[in-house]
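Data first, discussion second: the structure below is written as structure tokens.
The values are calculated or read from the model by the stated rules, or taken from the named source; none is laboratory data. Since we're looking at a predicted model, the values are computed, not measured. Quick reminder, even Gly has a Cβ in these numbers, built from the backbone with ideal geometry, and neighbours come from all protein chains shown.
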Amino acid sequence: MALTDLLAPDGAAADWTVPQDWASYSAAEHALWDRLFARQSALLPGRVAPEFLEGLEILRMTKPGIPDFAELSDRLMARTGWQVVAVPGLVPDRVFFEHLANRRFVAGRFLRTPEQIDYLQEPDVFHDVFGHVPLLANPIFADYMQAYGQGGLRADALGAIDRLARLYWYTVEFGLIAQPDGLKLYGAGIVSSHGESLFALDDPSPNRLGFDLRRLMRTRYRIDDYQQSYFVIDSFEDLLRATIEADFAPLYAGLEGLPDLDTDTILPGDRVYTRGTQAYAQNKMQE
Ligand code: PHE
Ligand code: FE
């Protein structure tokens, strides 16, 4: 199926992109971005993978205001050949994969309201740009994201998008990385969230388990609250190697009929960094 078979909404191009229309952001929106940015940059040093902070610098994202995607894309293009393009909201899987496979990251252009400063369910420009874009300046991670897009197109043909989506969730969105001085954050869903930036590293509640491709493809995830398990990679090189070298087709086939694992399960074979108390999730259930 060609990209154009999925009809884009009115006002969007055939590939679902829209102009960012940077000039139309209000002063209040730029100020809210600055507030979100200041809060996360105060929290993240020492807690996030150094590559993330390097990305912020390289791309000059420390400059005040909501970034102009055109400017961001120029810097990114020079560095790793990636671009940031605006889309109206969530896009169909195939559209998303096509963009990634061509080194284009799709980002929402709207910003959350001040009332949503701590939590919102749909990705806004702060999550998409602050959370995702810095690591695209890293050549290894940039290659991983493109390979993921290519893998997505393939997974679609194999009817295995749900399995592959779990890989994205537990790496790109909620991944942790082991460093000599302890675990660090790199997932965009964590680094763009004040609460989860603390919870994912410090809270005794969640499990922290070693990355295992096959295991992770069986594991459900939560879209409505903090994760009950995080998966830890040893390095971005390892992540790229483990995913690029594996042929996912037999992996998907081998998983067919196997039951899914719950969000808090620990298996005998897991490499356990933290056996979580799950107190946070249990308290939530009683509410
Ligand atoms: N190796 C995967 C496949 O055979 C492609 C892929 C690479 C997927 C990297 C995700 C990340 O489908
Ligand atoms: Fe995201």
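A few notes on this one:
- Options Ala279, Ala200; residue that is within 16 Å of ligand 2 (Cβ to nearest atom) and farther than 23 Å from Arg154 by Cβ: Ala200
- Scanning the stretch 156-197 for residues that are in a loop (DSSP other than H, G, I, E, B) and within 16 Å of ligand 2 (Cβ to nearest atom) turns up Phe174, Gly175, Tyr186, Gly187, Ser192, Ser193.
- Selection status of Asp128, at pLDDT 95 or above, of a type outside the set (Val, Ile, Thr), more than 21 Å from Arg215 (Cβ to Cβ) and in a helix (DSSP H, G or I): yes
Here is a yes/no grid of residues against (1) among the hydroxyl-bearing types (Ser, Thr, Tyr); (2) more than 13 Å from ligand 1 (Cβ to nearest atom); (3) modelled with pLDDT under 95; (4) loosely packed, with under 13 Cβ neighbours inside 10 Å:
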position: Pro204; (1), (2), (3), (4): no, yes, no, yes
position: Arg208; (1), (2), (3), (4): no, yes, no, no
position: Ala246; (1), (2), (3), (4): no, no, no, no
position: Gly269; (1), (2), (3), (4): no, yes, no, yes
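- Look at (1) within 16 Å of ligand 1 (Cβ to nearest atom); (2) under 13 Å from Leu176 (Cβ atoms) and you find that Leu251 fails only one, number (2).
- Qualifying residue in the stretch 95-108 (condition: among the hydrophobic types (A, V, I, L, M, F, W, C) and either touching a Lys or Arg at 6+ places or on another chain (Cβ under 6 Å) or surrounded by fewer than 16 Cβ atoms within 10 Å (Cβ to Cβ) (or both)): no
- Scanning the stretch 156-188 for residues that are of a type in the set (Lys, Arg) and either closer than 14 Å to Gln227 by Cβ or within 11 Å of ligand 1 (Cβ to nearest atom) (or both) yields Arg163, Arg166.
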